[in-house]
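The values are calculated or read from the model by the stated rules, or taken from the named source; none is laboratory data. Note that this is a predicted model, so its numbers are computed, not measured. As a convention, Cβ positions derive from the backbone with ideal geometry for all residues, glycine included, and neighbour counts pool all protein chains shown.
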Protein chains: 6
Amino acid sequence: MFPTKKVQTLIGSKIRVEMKGSERHLLEGTLNSVDDYLNLHLLETVEIVDGERARSLGSVILRGNNIILISPVE
Amino acid sequence: MFPTKKVQTLIGSKIRVEMKGSERHLLEGTLNSVDDYLNLHLLETVEIVDGERARSLGSVILRGNNIILISPVE
Amino acid sequence: MFPTKKVQTLIGSKIRVEMKGSERHLLEGTLNSVDDYLNLHLLETVEIVDGERARSLGSVILRGNNIILISPVE
Amino acid sequence: MFPTKKVQTLIGSKIRVEMKGSERHLLEGTLNSVDDYLNLHLLETVEIVDGERARSLGSVILRGNNIILISPVE
Amino acid sequence: MFPTKKVQTLIGSKIRVEMKGSERHLLEGTLNSVDDYLNLHLLETVEIVDGERARSLGSVILRGNNIILISPVE
Amino acid sequence: MFPTKKVQTLIGSKIRVEMKGSERHLLEGTLNSVDDYLNLHLLETVEIVDGERARSLGSVILRGNNIILISPVE
């Protein structure tokens, strides 16, 4: 299964996303939709700082090319 | 609804955008238009520094590939 | 009007461009041409450092994908 | 053999991947799938910090454009 | 004239190129060829550090998407 | 000759590649293959740190968009 298809199987479940940026940038949320560029729409998103849930962001759109890594949250 | 479609539903309303750059770069403005690359045209844009509205930028165009995250402002 | 069309309306007028790079990188110049990737050709370009016109660069071409933000100079 | 084809020959075996990010970011895992953009799906992924296996990440998707380097683990 | 066409008019003459990277990265060389992505082939290339010609690199290929700025050297 | 064609003429010979990343990142190896995106497959690759051959990496694939500069090693 191709990497983008694998991400599609995660729709409706909770994922962790590491984004590019000047500092380590981790987000956790429920995957609502994804397209071929790995642009993501997450719901109930929270920022993770030092392993702790730091700030609630709600509904967010993430630009695919700035995603480093996506992993399912067990 | 695909991520880019979700952004289209935000036209006319206020959004917050986190951009790439050497420091954390947050902007808030009214979304005037968006294309398939997530290039954005914002009106009445202000820079947010340390959670405060810092500088008024007015009308700005943001390059889609340098956007980290878009979220609606409630 | 799409974001790239908005930039085309700025041809012939003065714009400010924030570029990616290791430090905050601001340029001001007269927009001579722009293409669909937001590659820009500026004339009479100057670098802005700490809000001051620092260095004259003349005619420059800027690569679209490394542009963070474009705004008209009033 | 083209570079992307070479990566396809590594499916099922262990690879090391260096990613972009604010610090040196190394991952090791079993390559499950790869597409034309070099998006990767890895299994049993671990983060490597200072040459040591630091953190277990399990199943991860890596965005191709943020990959610096891929090498087979002997 | 579109930005990429403008660069084509510089073939055979000396240009200055600012590249992305962890530090400010300036190169000067004679433009031998350019394609639609602004990939460049330069000859007699030298690195510029603190405004001085620092290191001779000879023939180099520069990846277009990592170019910040191109300007003719008068 | 277009920049990507120029790189193709270097197949079978030794090249030096500067990559993006958080620190200056230099690699030297024998070019085995290259595609239109400048993705590279190198053999007998070594990392260069402070002008010295630091670490042997063997066979590596480099993602084209993260390449800053390619030059032949004389």
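Being β-branched (Val, Ile, Thr) and under 18 Å from residue E:54 (Cβ atoms) is the filter here, so list the residues in segment E:23-40 that pass it.
Residue satisfying the conditions is E:30 alone.
Go through segment A:5-60 residue by residue and tally those that are more than 26 Å from residue F:66 (Cβ to Cβ) and among the basic types (Lys, Arg).
3
So which residues in segment B:59-74 are within 12 Å of the chain's Cα centre (by Cα) and under 18 Å from residue C:17 (Cβ atoms), if there are any at all? Lay out the reasoning, then the answer.
Filtering segment B:59-74 for residues within 12 Å of the chain's Cα centre (by Cα) gives B:59-64, B:66-73.
The answer is B:59, B:60, B:61, B:62, B:63, B:64, B:66, B:67.
Here is a check on your reading of the model: is residue B:57 at positive phi, at the interface with another protein chain (Cβ under 8 Å from one of its Cβ atoms) and touching a residue at least 24 places away in the same chain (Cβ under 8 Å)? Show your work before the answer.
Numbers: at positive phi: no; at the interface with another protein chain (Cβ under 8 Å from one of its Cβ atoms): yes; touching a residue at least 24 places away in the same chain (Cβ under 8 Å): yes.
In short, no.
If a residue must be without any contact (Cβ under 8 Å) to a residue 24 or more places away in the chain and under 17 Å from residue F:53 (Cβ atoms), how many such residues does segment F:1-22 contain?
From segment F:1-22, those without any contact (Cβ under 8 Å) to a residue 24 or more places away in the chain are F:1-3, F:5-6, F:9, F:11-12, F:22; that's our starting set.
Now narrow it down to the ones that are under 17 Å from residue F:53 (Cβ atoms): none.
Residues in segment F:1-22 being without any contact (Cβ under 8 Å) to a residue 24 or more places away in the chain and under 17 Å from residue F:53 (Cβ atoms): 0 in total.
Restricting to segment E:1-42, count the residues that are under 21 Å from residue F:26 (Cβ atoms), modelled with pLDDT of 95 or more and of a type in the set (A, V, I, L, M, F, W, C).
Going through segment E:1-42 one residue at a time, the tally reaches 4.
Mind listing whichever residues of segment E:43-56 are of a type in the set (A, V, I, L, M, F, W, C), at pLDDT below 95 and in contact with a strand residue (DSSP E or B) (Cβ under 6 Å, 6 or more places away or on another chain)? Working first, answer last.
Step one: of segment E:43-56, the residues of a type in the set (A, V, I, L, M, F, W, C) are E:43, E:46, E:48-49, E:54.
Narrowing further to those that are at pLDDT below 95: E:48-49, E:54.
Of everything in segment E:43-56, those that are of a type in the set (A, V, I, L, M, F, W, C), at pLDDT below 95 and in contact with a strand residue (DSSP E or B) (Cβ under 6 Å, 6 or more places away or on another chain) turn out to be E:48, E:54.
Report yes if residue F:35 is touching a Phe, Trp or Tyr at 6+ places or on another chain (Cβ under 7 Å), more than 10 Å from chain E (Cβ to nearest Cβ) and not hydroxyl-bearing (Ser, Thr, Tyr), otherwise no. Quick ask: steps written out before the conclusion?
Working: touching a Phe, Trp or Tyr at 6+ places or on another chain (Cβ under 7 Å): yes; more than 10 Å from chain E (Cβ to nearest Cβ): yes; not hydroxyl-bearing (Ser, Thr, Tyr): yes.
When the stated conditions are applied, residue F:35 passes them.
Suppose the filter is at negative phi, facing chain A (nearest Cβ under 9 Å) and in contact with a helix residue (DSSP H, G or I) (Cβ under 7 Å, 6 or more places away or on another chain); does residue B:68 pass it? So that I can check it myself, show each step before the final result.
Details: at negative phi: yes; facing chain A (nearest Cβ under 9 Å): yes; in contact with a helix residue (DSSP H, G or I) (Cβ under 7 Å, 6 or more places away or on another chain): yes.
It is true that residue B:68 is at negative phi, facing chain A (nearest Cβ under 9 Å) and in contact with a helix residue (DSSP H, G or I) (Cβ under 7 Å, 6 or more places away or on another chain).
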